[in-house]
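Everything on this sheet refers to the single structure shown next.
A short reminder: the numbers here are calculations on the coordinates, not readings from a lab. As the structure is a prediction and not an experimental result, all values here were calculated from the model. Note that each Cβ is placed from the backbone with ideal geometry, even for glycine, and that neighbours are counted across all protein chains shown.
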Amino acid sequence: MEPFSTHRGIIGTLDRANVDTDQIIPKQFLKSIKRTGFGESLFFDWRYGDDGKPNPEFELNQPHFQGASILVTRNNFGCGSSREHAVWAVAQYGFRAVIAPWQDRNGGTVPGFADIFRNNCVKNGILTIELSEPEVDQIFEFADRFKGLEASINLEEQRVVLHMDEEVGYHFEITPSVKEHLLRGLDDIALTLEYEPNISEFETQHITQLRS
């Protein structure tokens, strides 16, 4: 897994809340047993028309969003089924980070991301960033005003900076263990392999006990 330290890229905006995994990658694309080739099908039903051609009305098809690698969207992104294919599609499209707001509602909090989707992102090297709703509103406003707006993300400093004539920055919180895994580029297999000497020692002792 590629480590995530710093990243600078174009912001792409998707002004929709409660985007579920079937909207991220529709079920007909789950038949493949490979882990590649999903980027072209990201947001398929919105991204393409009935004729298979790009839908010019879809936000991310706008010319100034081409090459975007930072996705800014609304709360509860990635809800629905637990399909990891959704995260593969986001990554293979070219997004390294997704920003979404948490929202206060009726005395509770609606998170920026569904739990399973967020956890799958960590396993695939995608940084999910939760900001307040006013902060995300501001990013949408700036991205609409300044076409092709770029941002930098510094994971060590936990900071997002918008690159305009006068730069604007936002601090974000992240679980320390998640931060370490992303900084070091460690997925579940790599984490397990760090204990390989201990595993080998246990196996050797176990085999010896069985033979005695």
Inset, instruction - Divide by every residue of the chain the summed helix terms, -39500 (n - 2.57) for each DSSP H run of at least 4, and state the resulting mean residue ellipticity at 222 nm, rounded to the nearest 500 deg cm²/dmol. - result: -9000 deg cm²/dmol
Inset, instruction - Measure nothing but the geometry: give the 0 to 90° angle between the long axis through the Cα atoms of 133-145 and the longest principal axis through the Cα atoms of the chain, rounded to 10°. - result: 60
Legend entry - Using θ = phi - 60° and Karplus 6.51 cos²θ - 1.76 cosθ + 1.60, couplings along segment 80-97 (whole Hz; Gly, Pro as x): x, 5, 8, 3, 6, 4, 4, 6, 4, 5, 4, 5, 6, 5, x, 7, 9, 8
Legend entry - Inter-label distance, nm, simple model (7 Å from Cα along the C-beta direction), D22/Q66: 3.3
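Taking the Cα centre as origin and putting +1 on Lys and Arg beta-carbons and -1 on Asp and Glu beta-carbons, what dipole magnitude results for segment 6-184, to the nearest 20 debye?
Here segment 6-184 has a charge dipole of around 900 debye.
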Legend entry - Rounded Å value of the spacing that divides the Cα centres of segment 19-36 and segment 38-67: 15
